[in-house]
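Just so it is clear, none of the values below were taken in a lab; they were calculated from the coordinates. Keep in mind it's a predicted model, so treat the numbers as computed, not measured. Glycine also receives a Cβ, built like all others from the backbone with ideal geometry; neighbour counts cover every protein chain displayed.
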Amino acid sequence: VLEHTFSVATLSLPRICEPGNTSVTAVNGRVPGPKVEAREGDTVVIHVINDSPYNVTVHWHGVFQRGTPWADGPAMVTQCPIRPGRRYTYRFTVAGQEGTLWWHAHSSYMRATVYGALVIRPRRGAVDYPFRKPDGEKTVLLGEWWNGDTVALESRSFSTGVPMPNADAYTINGMPGDLYHCPERTNRIAKFKVRRDKTYLLRIINAALNTAFFFKVAGHTFTVVAADASYMDPYETDVIVIAPGQTIDALMTTDASPGRYHMAISSYQSAIPFPPMPAGFNGNASTAVVEYVDAAATANAASPVLPVMPVPNDTDTAHGFYTSLKALDRPGRRTVPLTVDTRMLVTVGLGFSSCQPIQTQCNRSAPVVLANMNNVSFALPATVSMLEAHYRNTPDGVYTRDFPDQPPLVFDYTSRGLLGNTPLASTGSPSTKVKTLRYNATVEMVLQNTALVGLESHPMHLHGFNFFVVAQGFGNYDGVEDGAGKLNLVNPQERNKGAEVAVPTGGWAVIRFVANNPGMWAMHCHLDSHFGIGLAMVFEVESGPTAETAVPPPPPDLPQC
Ligand code: C2O
């Protein structure tokens, strides 16, 4: 049993490129928060004590939570938030998955500063990593930073209808790096000390709220060995593409000439630079330093070498990276279900509505942007969690079971247009609809990106299950079926539960999963700017025939609303 106490409290940290401090919410006084290091098979017990002035929950992003649905963490889906002054203990087992995952607050924009790594190493005495044992490892958390209290910024955005401002900086392990051309150029930069001719396992986590990144280290290449705590066929690359919520494990060999090298992240898609960047960075970027300790004395004088980053709209590089990952063939690996019980075609995208996000009020004079899946914009319930309503069999007034399997209209999803030019440009009031699945049903879901408002990728994240990405492409989904040779049913990547697929810009992805985990499981876009305005839905998975396949009673300390 691995036990930790997380105390959530307000912290004062220096702003980036602006004088003074800002108050943020943090766990155990640090951003990023503590690293949880487990071995496969361990039981993890985390006591969360909320000493902050805000409601909070913690989600163990990617953990199976088989049989422990009350520990998953999304506010109002599986639990009421932990109120100020209260506590809740999360208890779960990490089994059947190895690699890097992470944890984050799952209430409002708080995860901007409430997040940390969750490492699952192979079980003691078991076969070790299915790749050459690294000489060392480094945890690399990518984040976004606001010069303000994100919870306060978000509630202001909801009450005014004005979207959240963009982040003020990107960070690597909480620090902005040395590229920001502020009056007092920042020197808060993460340093990774390495020795020459060694192999390091980089555990890379994109904890940013709204930004997908390109990741490079000047003068070095990577071998990707896992994604979302699922082993991959080794894939060699000099650039890693990582969407919000995703994790990548990559080996890096320090075979360059001794010196200092910049590790850099730059935005994929967002090209609005906050503070001006040096030439070569066409968007926003952040840096860290990889420093060869053997050579530190001589190399310290020179400034680190910068990598050349892809341009922000380099969709070819992003798509090439995502589609190159294939599951590693190893004994005992899970395989994709070959038959399908439930088929769904679900559009994901943005639209307009006269309703206010989250609250079901439809009386605003100007339309606001709302996100939707199959034209349903999702609202969280207010008084009881969905899992509690499911467990007590009292869904009335909390959720309805009519989430549609198909979009209300079939049309050219790539015909980009604003306000009324396309059939689905307007969503109705936000509502709480679920798709009910039989225990063990096999589900195939086509996620079709719409481009009604703008071209954006949607990194879709599913709680409670693994899914397999069996196909992805651009344009309109063209109805590829089994046997058409287009679905990869042999070695598709399993983006391990808490699985994630970045639905390509103006494109689609086909995923499959087995509904073998009873409970209420959110599926949503991992861009908080989209989740907050309704790009979500929930699967209600019925219990199986035995006690072990039923939702257990809630723990006695489960928070009440
Ligand atoms: Cu990492 Cu529902 O989120």
* Packing-based exposure ordering (other Cβ within 10 Å, fewest first) of THR171, THR68, THR5 -> THR5, THR68, THR171
* Asked: Which FRET efficiency, nearest 0.05, do THR400 and THR335 yield, Cβ-Cβ r, R0 30 Å?
  -> 0.30
* Asked: Which trypsin sites (Lys or Arg not before Pro) from region 120-205 combine a DSSP loop assignment with at most 16 other Cβ atoms within 10 Å?
  -> ARG123, ARG124, ARG132, ARG185, ARG188, ARG195, ARG196, LYS198
* To do: Give the angle, between 0 and 90 degrees and rounded to the nearest 10, that separates the Cα long axis of helix 315-324 from the longest principal axis of the Cα atoms of the chain.
  => 80
* Could you give the Stokes-Einstein D for the chain in µm² per second, using the C-alpha Kirkwood radius, 25 °C, 0.890 mPa s? -> 103
* Distance between modelled label sites at ASN166 and LYS35, nm, 7 Å Cα→Cβ extension -> 3.2
* To do: Multiply the residue gap between THR383 and GLU236 by 0.36 nm, knock off their C-alpha separation, and tell me the result in nm, one decimal place.
  => 48.0 nm
* Asked: Exposure proxy check: ILE189, ILE120 ranked by fewest other beta carbons within 10 Å?
  -> ILE189, ILE120
* Asked: Assuming R0 = 22 Å, what is the FRET efficiency of ASP197 and ASP128, from their Cβ-Cβ distance, to the nearest 0.05?
  -> 0.55
* Structure fact -> Ranked on Cβ counts within 10 Å of their own Cβ, fewest leading, VAL224, VAL63, VAL311 go VAL311, VAL224, VAL63
* Sparse-neighbourhood loop sites, GluC sites (Glu not before Pro) in region 85-187 - DSSP loop, at most 14 other Cβ within 10 angstrom -> GLU184
* Structure fact -> In degrees rounded to 10, the 0-90 angle between helix 150-160 Cα long axis and the longest Cα principal axis of the chain is 40
* Label-to-label distance, nm, for residues given as LEU153 and GLU18 (7 Å Cα→Cβ offset) -> 0.8
* Report the full-extension gain for the segment VAL45 to THR546: residue separation times 0.36 nm, less the Cα-Cα distance, to one decimal in nm. => 177.8 nm
* To do: Compare the peptides 102-108, 527-533, 49-55 by average per-residue count of other Cβ atoms within 10 angstrom and give them in order, highest first.
  => 102-108, 527-533, 49-55
* Asked: Taking the Cα centre of the chain as origin and charging only Cβ (+1 Lys, Arg; -1 Asp, Glu), how large is the dipole, in debye to the nearest 20?
  -> 820
* **the chain: calculated mean residue ellipticity at 222 nm from DSSP helix runs of at least 4, using -39500 (n - 2.57)** => -1500 deg cm²/dmol
* Asked: Between ARG438 and SER7, what length in nm is gained on full extension when 0.36 nm per residue of separation is reduced by their alpha carbon distance?
  -> 151.3 nm
